Amino acid sequence: MTHQASLDKTAKIITTIVTVLFAVIIISQYFFIYAAGRTAPIATVFICLLVYFAAYALKPLNYTITGGELIIHRLILDVRIKRTDIKSAEILDKEKLNSSIKLIGNGGLFGYYGKFKNNDLGIMTWYATRKDKIVFIETVENKKIILTPDDPKGLVSELNQ
């Protein structure tokens, strides 16, 4: 079954602000530099576009549970976790993630994903689109994974079958 993963209000606001900011940067490169007869620093435009499209391509779209695996769908590079590798899956109270800090990854543009560290939970890999409705998965190799489906009870129930 497929479980949807919609953005929370904060991710929507961050995505909107970054989109507008990047558009202003790219447009200003053209109008204030290139149109004035100077050479445009293409690196700025390239970096903005690269960051934006990478964030979009790697955002979690939804989660699918099949007979043998959990699939985290993204535009590119789906993540596949064998169900036999999952030791536990539980709903986590959002307050447990309050002390989390991003080590490397994305903190709001189209979601929250990458490596995060938490005082209580340790290092985790997030494939999240929101900071509530949290499913905490631990693998047999003690890897910790955060997912945020719209229906966390349904996903946990299906994983624990």
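The values are calculated or read from the model by the stated rules, or taken from the named source; none is laboratory data. Predicted, not measured: the structure shown is a model, and the values here were computed from it. Cβ atoms come from the backbone with ideal geometry, glycine included; neighbour counts cover every protein chain shown.
Residue check: L109 meets all listed conditions (1) within 16 Å of the chain's Cα centre (by Cα); (2) assigned to a loop (DSSP other than H, G, I, E, B); (3) over 21 Å from Y52 (Cβ atoms); (4) not polar (S, T, N, Q) but one, namely (3). Picking from residues in segment 112-153 that are of a type in the set (D, E, K, R) and crowded, with 19+ Cβ neighbours inside 10 Å, the one that is farthest from V51 (Cα to Cα) is K133. Output the residues belonging to segment 74-94 that are in a strand (DSSP E or B) and free of Cβ contacts under 8 Å to residues at least 60 places away in the same chain. V79, R80, K82, K87, S88, L92, listed by residue number. The set of residues in segment 18-28 that are without any contact (Cβ under 8 Å) to a residue 60 or more places away in the chain and under 17 Å from the mean Cα position of the chain (by Cα) contains only T19.
Of the residues making up segment 95-106, just one is part of a loop (DSSP other than H, G, I, E, B) and either acidic (D, E) or modelled with pLDDT of 90 or more (or both), namely S100. Cβ-Cβ contacts under 8 Å between residues 6 or more apart (or on different chains), taken from a first residue in segment 148-161 that is closer than 16 Å to P60 by Cβ and touching a residue at least 60 places away in the same chain (Cβ under 8 Å) to a second residue that is in a loop (DSSP other than H, G, I, E, B) and β-branched (V, I, T), are listed as T148/T129.
Of all residues in segment 47-67, those satisfying the criterion of being outside any helix (DSSP H, G or I) and out of contact with any helix residue (DSSP H, G or I) (no Cβ under 6 Å at 6 or more places or on another chain) are K59, P60, L61, N62, Y63, T64, T66, G67.
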